[in-house]
Structures are given as structure tokens and as C-alpha cells.
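Read the structure below first, then the notes.
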Amino acid sequence: MRTSSSNIARRSRTLFGAQLPGMALCASLGFAFTQPAMAAGTLAGTDIENIASATYDTPSGPVTVQSNPVLIKVDELLNVTVASTDPGDVATAPGATGNVLTYRITNTGNGSEAFTLIANAANGGDDFDPTLQQIVLDTNNNGVYDPGVDTVYVAGTNDPVVAPDQSVTTFVITNTPVGVVDGNRADVGLTATANTGSGPPGTSFAGAGQGGGDAVVGATGASAADSGFLSVQAAMVTLVKSAAILDPFGGSRPVPGAVITYSIAANVTGSGSLTNLVITDPIPVGSQYEIGTITLQATALTDAADADAGDYNGTRVRVAAGNVPAGQTRTITFKVKIP
Amino acid sequence: MKSLIKACFAIAATLFAGATAFAATPLELKSDVFVERHVVRGDGSKTVVLEKPNMVTPGDNLVFIVRYKNVGGSTASNFVVTNPLPSAVAFNGTSDGLEIVSINGGKSWGILGSLRVAMADGTSRPAMQTDVTHIKWNLNQPLTAGAGGKLIFRGIVK
């Protein structure tokens, strides 16, 4: 060791004239290649080399000495965070399929790391358990679930590899059971765990770190989870029917010749909206429909099955009231005569 | 470019290795690095221990110790110790507070509180420990034969 280094010492002395410009060049190159500091810290595998130097004056002139270099390698810190990125509860409905919940997995460690993903749709403390369909990786990286474009996750096959300080977006696709009611919520969790290893902070895996060092579990335990929520928005309709009689004498007795005005109020309650509400009412036996008397929200409708919302087919009246938001009412009326 | 860098490393390595082994050097300079660990003892009390840096991750506290000793027969005057900070380490103070630092790769020096960092918009801000690139001690008294000492500074792995 001593022999070989004194050989180098001799060589360095012969090179002395060329050294100073060489060193200056090295220094400037060093700055050009300095990496910006990152939140996750120095990349795993980076060498930290420390050398001190001293100069002093002797009777024979100034002298410079260098210390021994001390080299340490930065080990890989295993850290991960998972965050639900939906702005709030994602709306679903009884029997709905393909609910999409969105999560972001961020590698907060200092080495590139693959993560195993587990979705849990059967959590306690909520109102229902949706059926887990699949976990999908946002492979085109646009933050939006694109069925058939984004890749379905298969554990152990395409575990997402995330660079330090980088994130991947992941979707958890679920179906809602039929029996749920308005306001029910479901907790759907996603867990990401570092493939190199996880456990209590400080747990180390010799030689398993990126760049040849060890891997050490960081403060996150190298495993993280977050919950997204589904919220059932179901609208219900109640029909209230009333009748007003006007007899030929100006009274309200159900006598022959009296006209009965039926009024049906459809009250939509719950949340969300009711799609394609259709109100149908048969003409009571023993009464005759008065032609052209259907109204919707006090607007007259024709009897023909045509562009407007109402029709009479000889036995019943029918009004298509369309989509009705919760909290609103649609009222139809029609008249019959007692023969 | 690649070969140029390689050449630089070769020259640098040669220089460092060469200087350490300089047979006539009457001054010894030794560098050591330790990791500071907070250990909880069995009785629950906490203590700080210095460990060999077998495992180092971002955020760890490093303690650098530079030992010097005049092993020659004559006095060394104007004794100056310089330690460029490894790029992955943020400066975190010295034990004696007598150092001057550089925030521009060793071009200029001063006590940290007197240095300012130029900003892109033409203004400047006070330099912080994380700006430090080099540390230097000017030991004022001559180092007589056989005398020595140690300098300690701390850094945090970025």
C-alpha cells in the first residue's frame, strides 16, 4: 500500500506543472454536474467523500497536505405516501358499476422503488362494502381513468416503479350493491408497500438499497394507505294524488255530469336526480276522459303520442317528466267526466 | 467529455493520494466521519452516540473530525486547514465557531453571518448554513513540533 502510493506520489510530482489547470477544470465540471437538492434527499448510492487539506509555512516554503479520504455511501431510505386525490366523496347509485376512486402514490424515499398495491373495499365503520373490480394504473399519466387505455394492475407483475420524489396515479374501480340507500358511504382504502421491504422505521435490509448500499425503512414504515369514499346519491319519488269535483250545479258532488280533476304530484326526495320520471294513471272505470285536459306544471299537453310530454291512449294518461333533481316536484293534472 | 472527466478524476486522485504519502511531510492530517445516533437506553433515558457510518440516509447527522499533528522537527506557521464540504452534505456548524466559510466554491471567504447570496432578481439574502461549500480554519498560533489538535464540524446528509 505504502509502496504503491509513493509511486503515485512520484508520478504526481512529475505531473505538477499540469496539475493546477487540471484541478481548475475539474472544479468547474464538478459544479456543472451538481444535482439540485431534492425533497427526498440525496439519491441512494451517492458517495460522500470527505478530504481535508492543510497548508502551512516551513523554513523551506509553503507546504500543502491532504488528509486521507473518507468515503461513505448514502443508503436507500424506503418511504412512501398515499393520498386520495378525489375532491370529496365520489357519487354512486344503487347497483352502479365502475365507480372510480383516485389515489396518488408518492415515493418520498431517495431511491427508485417498486410498490405493491392492495385495495380494501371491505372496511368497517362505513355503511356498505362495494365490490372491488380492479386497480388500474394511470399509464398515460393524464390523471383521468381511461378504460382500455390505462393498464390493469396485477400484483407482482406490473408493480409501479416510482423514482424518488415522483408520484403515480392509481384508480380503484368498484361496483355498488343494489341494496344501498341515499346517503350511504363506503370507505375504500389503497395501501402501497415498498417491495424492498417494510416494517418499523430503522429496519434495514443489507445490500438491498439502490446503488449497492443498504435499504433502511424510513419514518413512513415504507408502507402507506389512504381512504377514498363513495357516497350513494339516490333519489326517490312519492306520488300524491288528489281529486276535485265540479258537478253541473256548481257543487262538488259526484253525480252524473260532474267533472273530476285529478292532480298527481310527484315529489322527488333524496339526493342527486331521478332520471326519466314517467307518470302514468289509468282512467277510472265508469268515467270518461275529457279530451285535451292533460297538463304538466300547469302547461297544457296534447293527447297524441308526439313531441310533447303527454299522451292519452284510450285507457290511461301518461306524462314523461324527464330528469327531476331531488327536492323538486312535478305535478300533472287531467279531467274525467262521470257519464 | 467523458474521458476528460475521467482524466480529471485520475489527476485529482493522484494528487490526493500523492500528498498523503509525501514522505517528508512533517504534518499529519487525518479525517474521520461519524454518524450521530439518538439511542434510547433500557431505562428510557436518551443518549447520543457516534457510530461508524455503516448506514447513512438523508437527514442523518454526520460529525466530521479532522485531526492534525506536527510530526516533524520544526514549527509550522500560518497553519490553515480547509475542508471542502461534500456536495451531499449540508453544513451544520463547527464545535469551536472559529471557522470561516465559502459559499462559492472557495473563491471568497468570511464568517457565515457576513456573507450574502446573490438572487436572480438582483437582490441578495443572508447566506445560510446550507449555502456553505467550504470550511476553513486559520490557526493563528504557530504549530510547534509535536503539537496537534482536532477540528470538528457537523453536517446533515441532504
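The values are calculated or read from the model by the stated rules, or taken from the named source; none is laboratory data. Predicted model only: the values in this text are computed from it and were never measured. Note: ideal-geometry Cβ built from the backbone for every residue, glycine included; neighbour counts use all protein chains shown.
Select from region A:56-68 the residues that are outside any strand (DSSP E or B) and over 19 Å from residue B:135 (Cα atoms) and write down the one among them that is farthest from the other protein chains (Cβ to nearest Cβ).
Step by step, filter region A:56-68, then rank; the result is A:60.
For region A:140-162, a residue qualifies if it is surrounded by 16 or more Cβ atoms within 10 Å (Cβ to Cβ) and part of a loop (DSSP other than H, G, I, E, B), and the qualifying residues are A:145, A:150, A:153, A:159, A:160. Per the conditions (1) among the aliphatic types (A, V, I, L, M); (2) crowded, with 21+ Cβ neighbours inside 10 Å; (3) under 27 Å from residue B:56 (Cβ atoms), the sole criterion not satisfied by residue A:186 is (3).
Going through (1) at pLDDT 95 or above; (2) at the interface with chain B (Cβ under 7 Å from one of its Cβ atoms) one by one, residue A:53 falls short only on (1). For region B:48-86, a residue qualifies if it is closer than 24 Å to residue A:203 by Cβ, over 15 Å from the mean Cα position of the chain (by Cα) and within 11 Å of chain A (Cβ to nearest Cβ), and the qualifying residues are B:52, B:53, B:54, B:55, B:56, B:57, B:58, B:59, B:60.
Residue B:45 falls short on exactly one of the conditions (1) more than 8 Å from every other protein chain (Cβ to nearest Cβ); (2) touching a residue at least 12 places away in the same chain (Cβ under 8 Å), and that condition is (2).
Suppose the filter is out of contact with any Lys or Arg (no Cβ under 8 Å at 6 or more places or on another chain) and surrounded by 16 or more Cβ atoms within 10 Å (Cβ to Cβ); does residue B:111 pass it? Answer is no for this residue.
Look at (1) modelled with pLDDT under 95; (2) part of a strand (DSSP E or B) and you find that residue A:179 fails only one, number (2). Might you let me know whether region A:140-150 holds any residue that is closer than 19 Å to residue A:107 by Cβ and out of contact with any Pro (no Cβ under 7 Å at 6 or more places or on another chain)? Within region A:140-150 (the criterion being closer than 19 Å to residue A:107 by Cβ and out of contact with any Pro (no Cβ under 7 Å at 6 or more places or on another chain)), the answer is yes, since at least one residue qualifies. Name the residues in region A:58-79 that are at pLDDT below 85 and on the phi < 0 side of the Ramachandran plot, would you? Residues satisfying the conditions are A:58, A:59, A:60.
Against the condition exposed (fewer than 12 other Cβ atoms within 10 Å of the Cβ) and part of a loop (DSSP other than H, G, I, E, B), how does residue B:120 come out, does it pass?
yes
Within region A:128-151, being over 17 Å from the mean Cα position of the chain (by Cα) and touching a residue at least 60 places away in the same chain (Cβ under 8 Å) holds for one residue alone: A:128.
Take region A:118-143 and flag every residue that is closer than 30 Å to residue A:179 by Cβ and among the aliphatic types (A, V, I, L, M). Those that are closer than 30 Å to residue A:179 by Cβ and among the aliphatic types (A, V, I, L, M): A:118, A:119, A:121, A:122, A:132, A:135, A:136.
Kindly establish whether residue B:158 is within 12 Å of chain A (Cβ to nearest Cβ), more than 17 Å from residue A:48 (Cα to Cα) and crowded, with 16+ Cβ neighbours inside 10 Å.
Taking the combined requirement at face value, the residue does not satisfy it.
Within region A:69-126, considering only strands (runs of 3 or more DSSP E) that don't extend past its boundaries, which have at least 1 residues that are of a type outside the set (Ser, Thr, Tyr), away from chain B (no Cβ under 14 Å) and surrounded by 15 or more Cβ atoms within 10 Å (Cβ to Cβ)? Because the criterion is at least 1 residues that are of a type outside the set (Ser, Thr, Tyr), away from chain B (no Cβ under 14 Å) and surrounded by 15 or more Cβ atoms within 10 Å (Cβ to Cβ), the strands (runs of 3 or more DSSP E) in region A:69-126 that meet it are A:80-84, A:90-92, A:99-107, A:113-120. For residue B:135, the conditions (1) in a strand (DSSP E or B); (2) away from chain A (no Cβ under 12 Å) are fulfilled apart from (2). For region B:87-108, filtered to residues that are of a type in the set (Ser, Thr, Tyr) and under 16 Å from the mean Cα position of the chain (by Cα), the residue that is surrounded by the most Cβ atoms within 10 Å (Cβ to Cβ) is B:102.
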